[in-house]
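Only one structure is covered here, and it is reproduced in the block below.
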Amino acid sequence: MAKQPMLKFVQIERDMPEKRAATERREDFDEIYAEYAAAKAEEQASRCSQCGVPYCQSHCPLHNNIPDWLRLTATGRLEEAYQVSQATNTFPEICGRICPQDRLCEGNCVIEQSGHGTVTIGSVEKYITDTAWENGWVKPAVPDQERDESVGIIGAGPGGLAAADMLRRAGFSVTVYDRYDRAGGLLTYGIPGFKLEKDVVMRRIDQLEKSGVEFALNCDVDADIFAAIHAEHDAVIIATGVYKSRDIQMPGSGLSGVEKAIDYLTASNRKSFGDAVEEFDSGRYDANGKRVVVIGGGDTAMDCVRTAIRQGATSVKCLYRRDRANMPGSQREVANAEEEGVVFEWLSAPKGFTGNDTVEGVMVQKMRLGQPDASGRQAPELIEGADYVEEADLVIKALGFEPEDLPKLFGQPDLPVTRWGTVKAAFRTGATDMEGVYAIGDIVRGASLVVWAIRDGRDCAEAIIEKFNAPLSVAAE
Ligand SMILES: Cc1cc2nc3c(=O)[nH]c(=O)nc-3n(C[C@H](O)[C@H](O)[C@H](O)COP(=O)(O)OP(=O)(O)OC[C@H]3O[C@@H](n4cnc5c(N)ncnc54)[C@H](O)[C@@H]3O)c2cc1C
Ligand code: SF4
């Protein structure tokens, strides 16, 4: 009888790929985890208990067929593992790197709940697809037959790119419009290289170009351009994300040195590409030699504090008004940040900034947690008389994002939006009430996750393919 390759979670302990020492990773913007060696990946995949009803799969927004590709990996059938993995996910190596697995697939792994430590799903997913790239198994999609219809996609983030990939495979002409000079959206200019190295994103864009997707970059879509895109294409997908930074108005918020997180991260990512970035070179977005305070407790705040460390800040503090247990950011990222030298000031909220023209400090008020609010989380309450000033040369506000006013920007008063300004679109198709206009990703969901943008892009492409009666049997790679 063949040896049972799976269910090894009792004999084999959970083991992540090697993490570089904090002292070393503070010095560069490279990813912090190494790749599994083949034997290690097989061993870790073999821990899967092959559940009949796999909760990991149902809690993955893409419903990835995780137990199957783990089994194929454990038995050394990597090319097949890659085929199964890419059938449901357009960018598996990107999700494997940056999905918050502890809240999605891995957080729902049955062996995690039995106390044995989750299967390292994300790391195996990354390993499978990185190996596929190395071996040349990832090929540009060439459709069996070209179609007459064309689709215009506004926004080259993960949502827009996932839709572009599927539509192109089905033979549509696809043009992706983006205001930036590089495609990728937040994968390129938001998320730092230590979580997602830029060549991982660029090779995907290169592949899409090779499959015939056209990119119209440096194209900031306004009312005139929107009208032209709408007239030119049979369908239009809005995938513009959310970019308006939430702000706090308080004494001193106009001082120089009080900056928005997205501008700070974009400048840093541009420098990693080797671009000349005037506002970085002038020192405005460079934390080198500065005392940095970041305000916020989400993943954007975590990316800012860790970027500041790498830029050579003398100290980096993160102020968050709730405690560690109630923060929205990933606990894994907080742990990484602490290892790298970031200090967290929990239960601390800003009430203003000191300084004349340039910021010199943050006026901090201490909080305690009271009754739960509408979100179910305990609401922070002020502790009287516990204020202090935290000295700072650079303050970065990472307070979340809101949508731009798209009906106004695109000159389309009929484009339906919610009271939060996100575009109203049908569940599972992305169709809006405007004929032939679809919307996907963060501009529909509000600030969300890469994996959800990919899911939306795939669902929307499928709806368009169905609408035009194109065969869904898309071109093989
Ligand atoms: C700092 C940061 C870190 C994050 N980290 C993670 C993480 O670790 N894991 C995770 O899953 N998610 C993370 N997210 C969230 C994730 O990046 C987003 O949910 C995801 O990128 C949304 O994809 P999207 O395609 O909807 O939009 P985006 O990625 O925002 O792309 C939208 C694109 O539209 C373009 N655009 C906008 N308006 C116009 C216009 N008028 N004309 C032309 N082009 C336009 C933009 O230039 C952009 O390229 C992070 C977000 C931020 C800000
Ligand atoms: S896409 Fe994300 S949630 Fe789904 S299996 Fe991969 S890492 Fe887990």
Dividing the surface of the Cα convex hull of the range 54-130 by four yields a projected area in nm² of 4.4 nm²
Given a 1.4 Å probe, the accessible area of the range 247-400 per residue, as a whole number of Å², is 42 Å²
Of the accessible area of the range 247-400, computed with a 1.4 Å probe and all protein chains kept, carbon and sulfur make up a percent value of 47 percent
accessible surface per residue for the range 66-184, probe 1.4 Å, DNA/RNA/ligands not counted, whole Å² -> 32 Å²
Regression test value, accessible area per residue of the range 3-63, probe 1.4 Å, units Å², expected 57 Å²
With every protein chain kept in place and a 1.4 Å probe, the residues 172, 401 fall, from largest accessible area down, as 401, 172
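I'd like to know how the range 366-453 sits against the 2.2 N^0.38 Å rule of thumb: what's its Cα Rg over that expected value?
1.60
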Which residues qualify? For residue 18, with a placed amide H closer than 5 Å and at least 5 residues away or on another chain, they are 34
Those chymotrypsin sites (Phe, Trp or Tyr not before Pro) from the range 89-161 that are DSSP loop and have at most 16 other Cβ neighbours within 10 Å turn out to be 137
Checking the range 118-150 for GluC sites (Glu not before Pro) in a loop per DSSP with at most 15 other beta-carbon atoms within 10 Å yields 146
Measuring from its Cα centre, the range 422-471 shows a charge dipole (+1 at each Lys and Arg Cβ, -1 at each Asp and Glu Cβ) which, in debye to the nearest 20, is 120 debye
HN-Hα couplings for the range 341-355 via Karplus (6.51, -1.76, 1.60; θ = phi - 60°), in whole Hz with x for Gly/Pro, come out as x, 7, 9, 9, 9, 6, 6, 9, 10, x, 10, x, 10, 9, x
Here the alpha-carbon Rg of the range 296-424 over 2.2 N^0.38 Å rounds to 1.26
When the charge dipole of the range 329-477 is computed with +1 on Lys and Arg Cβ and -1 on Asp and Glu Cβ about the Cα centre, the Cα farthest towards its positive end, among 369, 422, 450, belongs to 422
Share of accessible surface on carbon and sulfur in the range 22-134, whole %, 1.4 Å probe and ligands ignored, is 49 percent
At the level of C-alpha centres, the distance separating the range 310-380 and the range 280-301, in angstrom, is 14 Å
Of the convex hull drawn through the C-alpha atoms of the range 235-316, the volume per residue in Å³ is 136 Å³
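What dipole magnitude, in Debye to the nearest 20, does the range 1-87 give about its Cα centre under +1 on Lys/Arg Cβ and -1 on Asp/Glu Cβ?
Numbers: 11 positive and 14 negative charges, 89 e Å.
The calculation lands at about 420 debye.
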Expected vector for the range 421-431, Karplus 3J(HN,Hα) from phi with 6.51, -1.76, 1.60 and θ = phi - 60°, integer Hz, x for Gly and Pro, equals x, 6, 6, 7, 9, 5, 4, 6, 10, x, 5
Of the candidates 73, 230, 267, the farthest towards the positive dipole end of the chain (Lys/Arg Cβ +1, Asp/Glu Cβ -1, centred on the Cα centre) is 73
With all protein chains in place and a 1.4 Å probe, residue 354 shows an accessible area in Å² (nearest 10) of 40 Å²
If unit charges are put on Cβ atoms (+1 for Lys and Arg, -1 for Asp and Glu) and the dipole of the range 22-134 is taken about its Cα centre, the option from 114, 46, 87 lying farthest towards the positive end turns out to be 114
Projected area averaged over all directions for the convex hull of the alpha carbon atoms of the range 69-223, nm², comes out at 10.8 nm²
Toy charge model, Lys and Arg Cβ at +1, Asp and Glu Cβ at -1: the range 22-134 dipole around Cα centroid in debye, rounded to 20, equals 420 debye
In nm², the average projected area of the convex hull spanned by the Cα atoms of the chain is 24.4 nm²
The chain: antiparallel bridges as % of DSSP beta bridges, rounded to 5, reads 40 percent
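Which trypsin sites (Lys or Arg not before Pro) does the range 306-385 hold that lie in a coil by DSSP with at most 15 other beta carbons within 10 Å?
Answer in residue order: 377.
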All alpha-carbon distances of the range 179-240, grouped into 5 Å bins from 0, give the whole-percent distribution 4, 15, 21, 23, 18, 11, 6, 2, 0
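Can you check how the C-alpha radius of gyration of the range 1-107 compares to 2.2 N^0.38 Å, as a plain ratio?
Dividing the Cα Rg of the range 1-107 by 2.2 N^0.38 Å gives 1.15.
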The range 404-451: spread of alpha-carbon positions along the three principal axes, whole Å, largest first, is 30, 21, 16
With all protein chains in place and a 1.4 Å probe, residue 357 shows an accessible area in Å² (nearest 10) of 120 Å²
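The values are calculated or read from the model by the stated rules, or taken from the named source; none is laboratory data. If you're wondering where the values come from, they're calculated on a predicted model, not measured in any experiment. Note: ideal-geometry Cβ built from the backbone for every residue, glycine included; neighbour counts use all protein chains shown. The area values use the complete protein model at the heavy-atom level, side chains included, leaving out ligands, DNA and RNA. Shrake-Rupley method; radii C 1.70, N 1.55, O 1.52, S 1.80 Å.
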